[in-house]
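The next block holds one structure in the form of structure tokens; read it before the comments.
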Amino acid sequence: MSDDIETESKPEKTPVDLCDNSALPLPEFDVDNLPEEIARKKLEIEARISNRRLALEEKRVDHRIAMENRIEDFKEAEALRLNNFMDSRQAENWMKSYWRPVMGWIYALICLFDFVIAPTTIIVLTAITKTDIPEWKSLTLENGGLIHLAFAAILGVTAWTRGQESIIKTKMTTTNIAANGTINGKQEL
């Protein structure tokens, strides 16, 4: 039975047979001019690489210029914002602009009266009139000194916000100087 069945032996496939090269065009070389053909191909490849490098460098330069333009635009916008901020500050009425210093002066006057002027006045009047005047009892220390806590909160928060405004103003001024060499429209020396 084994004689009746013939086994066909298939030849083993080589790696070259496994690769389908029909889709890839093979370069044609003139065997006689092989070194010249290789040199020409090498020059073509080097020219393509050089062109690509040049195109990449042009893109880098364009990108650098675009970034510099964006930075300049940002600086100009910041300078414009500073000028608008300064104009709005100048357009405010005096009460809105100076309420923080007024609060500080009022608190200083309250403390001066309550701790210096009133007690001194009582002592001087007692010495001059030689009568028994009751000693001064601080008005602001009544109710646990709540007025001092309130003024401390108001003046502390306003001092902090004033500091933040000053920082922003300084940054915007330096941005304005860097952008066009001027301070609020006046040329710097």
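When each of Leu80, Leu146, Leu109 is tested for being under 30 Å from Met172 (Cβ atoms) and either of a type in the set (A, V, I, L, M) or touching a Gly at 6+ places or on another chain (Cβ under 9 Å) (or both), the lone residue that passes is Leu80.
Would it be correct to say that Phe85 is under 24 Å from Thr170 (Cα atoms), surrounded by 11 or more Cβ atoms within 10 Å (Cβ to Cβ), of a type in the set (A, V, I, L, M, F, W, C) and touching a residue at least 60 places away in the same chain (Cβ under 8 Å)? For Phe85, the condition - under 24 Å from Thr170 (Cα atoms), surrounded by 11 or more Cβ atoms within 10 Å (Cβ to Cβ), of a type in the set (A, V, I, L, M, F, W, C) and touching a residue at least 60 places away in the same chain (Cβ under 8 Å) - is met.
Scanning the stretch 88-116 for residues that are exposed (fewer than 13 other Cβ atoms within 10 Å of the Cβ) and more than 20 Å from Ser166 (Cβ to Cβ), we see that the one that is modelled with the lowest pLDDT is Asn93. Would you confirm, using the coordinates I've provided, whether Asn176 is touching a Leu at 6+ places or on another chain (Cβ under 6 Å) and either modelled with pLDDT under 90 or in a helix (DSSP H, G or I) (or both)? Considered against the rule, which asks whether it is touching a Leu at 6+ places or on another chain (Cβ under 6 Å) and either modelled with pLDDT under 90 or in a helix (DSSP H, G or I) (or both), Asn176 comes out as yes.
The values are calculated or read from the model by the stated rules, or taken from the named source; none is laboratory data. A quick note: this is a predicted structure, and the numbers were derived from the prediction, not measured. When we count neighbours, we look across all protein chains shown, and the Cβ atoms used for this are built from the backbone with ideal geometry, even at glycine.
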